[in-house]
Amino acid sequence: ACPEEAVSEGPLGAVNRGKAQTSKVDVDPKKCSYCGVCTILCPFNAIKLSFDGVEKLPILEQEGFPVLEKKAKIDAEKCTRCVLCEEVCPRDAIKRDVADVDQGHKAASTMQYTIDYKLDEEKCTLCGICSEICDAFKIDYKEPTPLTVKKIGKLAFDEKKCDACKVCVEACPEDAIAIERKIVAEPKLSGTVEINLDDCVTCTWCQVMCPKDAAKVEKVFEGELELDVSKCPAGCSTCVDICPCNALYLPAVEEAGHKPGKLAYNKDFCIFCGACVNACPADGTIKMKRTKINVTGEETGLFKKVAAKLMTEKVPKIKEA
């Protein structure tokens with residue numbers, strides 16, 4: 001993105017693997033104009049520009065320049081405060097503020113529902129099995145007489161103690177009990193789950209994994225990526241190791257003796273940052289082309305020039321020593 005060609009890449013693969021003690025990125029102070037374009041367009045917030053210890057972006061203050069438009073949000077109404085998004089986020093961008101609970105507390109305790117209970121008194125023999133296994137049932141027995149020999153009591157049901165587990169339905173030898181639970185509100189834990197936009201890189205892991213469709217994310221970059229695995233060096237996993245979104249992967253060996261699977265990637269999670277291209281130690285293994293940059297603000301002439309650079313096709317090229 002640098003309009004002054006002041007930024008250069010180091011040996012990213014070697015640095016990431018701990019084989020080289022040098023910087024991933026270098027900035028030539030003689031070329032740098034301190035405009036802040038690199039800071040604005042970095043999806044990882046990895047670059048800070050400051051003057052006399054004060055962070056500033058002159059190009060925004062003086063000339064105007066669009067900024068990356070990050071859209072990532074969790075719908076609090078749909079979210080059940082489960083842990084899936086936090087578990088899968090590769091950038092630790094999920095802020096889950098949910099109180100710890102003891103083993104006796106379950107999400108079901110927050111579920112709102114109604115109970116539809118029916119008893120077939122003709123079938124019920126007042127055998128007492130239901131009252132033995134559940135506190136929601138109680139039989140008030142009466143002393144039988146010659147006139148009431150079969151009416152020796154009454155089965156009482158306390159709906160407040162019932163959670164419609166249906167154990168009684170399964171245990172009743174006469175099929176006299178019918179219980180249905182009608183959900184009014186799904187179970188939720190108390191608390192909040194949010195996405196920290198400063199850490200989020202819009203990879204969409206949370207959106208894909210959310211079972212309630214509560215996470216909504218729009219990527220900052222759109223594009224295409226192609227792999228030519230026939231050119232991959234044997235045993236190399238540099239691109240997998242460096243991918244910041246866990247979009248590239250080597251399929252696991254399912255059985256002993258089987259050959260490992262070939263390199264693959266999931267487009268859902270790729271943000272087209274180019275880290276894999278820059279780190280790959282072999283020519284022509286990866287082709288990446290950005291097709292869109294989602295920004296907000298006026299698209300200035302300088303931005304259009306920068307965008308044209310960003311949307312040129314990128315392929316790994318071995319740098320000369």
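The values are calculated or read from the model by the stated rules, or taken from the named source; none is laboratory data. What you see is a predicted model; the values in this text were computed from it and never measured. All Cβ positions, glycine included, derive from the backbone under ideal geometry; neighbour counts span all protein chains shown. These area figures cover heavy atoms from the full protein model, side chains too; ligands, DNA and RNA do not enter into them. Shrake-Rupley method; radii C 1.70, N 1.55, O 1.52, S 1.80 Å.
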Review point. Within the set of pairs 6+ apart or on separate chains, which have a first residue in the stretch 261-287 that is closer than 22 Å to residue 90 by Cα, a second that is charged (D, E, K, R), and C-beta atoms under 6 Å apart?
Key: 271/219; 272/290; 274/314; 277/314; 278/9
Study note, to complete from the structure: When the stretch 161-210 is checked residue by residue, the ones that are touching a residue at least 60 places away in the same chain (Cβ under 8 Å) and polar (S, T, N, Q) are 190, 192, 196, 202, 204
**Study point:** Count of the stretch 77-96 residues which are part of a loop (DSSP other than H, G, I, E, B) and open to solvent by less than 60 Å² (accessible area, probe 1.4 Å)
**Key:** 7
Exercise for review: Just name the residue that is most open to solvent (accessible area, probe 1.4 Å) out of those in the stretch 290-321 that are touching a strand residue (DSSP E or B) at 6+ places or on another chain (Cβ under 6 Å) and in a helix (DSSP H, G or I).
Suggested key: 310
Review point. Out of (1) closer than 30 Å to residue 234 by Cα; (2) touching a strand residue (DSSP E or B) at 6+ places or on another chain (Cβ under 8 Å), the odd one out for residue 282 is which?
Key: (2)
Study note, to complete from the structure: Cβ pairs under 6 Å, 6+ apart or interchain, first in the stretch 1-18 and in contact (Cβ under 8 Å) with a residue 24 or more places away in the chain, second polar (S, T, N, Q) and open to solvent by 40 Å² or more (accessible area, probe 1.4 Å), ordered by first then second residue, are 4/33; 9/278; 12/278
Check your understanding: Among the residues of the stretch 215-232, is there at least one that is open to solvent by 80 Å² or more (accessible area, probe 1.4 Å), among the basic types (Lys, Arg) and out of contact with any Phe, Trp or Tyr (no Cβ under 9 Å at 6 or more places or on another chain)?
Key -> yes
Exercise for review: May I ask you to verify whether residue 55 is within 30 Å of residue 273 (Cβ to Cβ), open to solvent by 40 Å² or more (accessible area, probe 1.4 Å) and modelled with pLDDT of 90 or more?
Suggested key: yes
Check your understanding: What about residue 287, is it at pLDDT 90 or above, part of a strand (DSSP E or B) and not aromatic (Phe, Trp, Tyr)?
Key -> yes
Review point. Conditions: (1) out of contact with any Gly (no Cβ under 8 Å at 6 or more places or on another chain); (2) modelled with pLDDT under 90. Residue 142 meets all but one. Number of the miss?
Key: (1)
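Does residue 13 qualify as being open to solvent by less than 20 Å² (accessible area, probe 1.4 Å) and either at pLDDT below 90 or of a type in the set (Lys, Arg) (or both)?
It is true that residue 13 is open to solvent by less than 20 Å² (accessible area, probe 1.4 Å) and either at pLDDT below 90 or of a type in the set (Lys, Arg) (or both).
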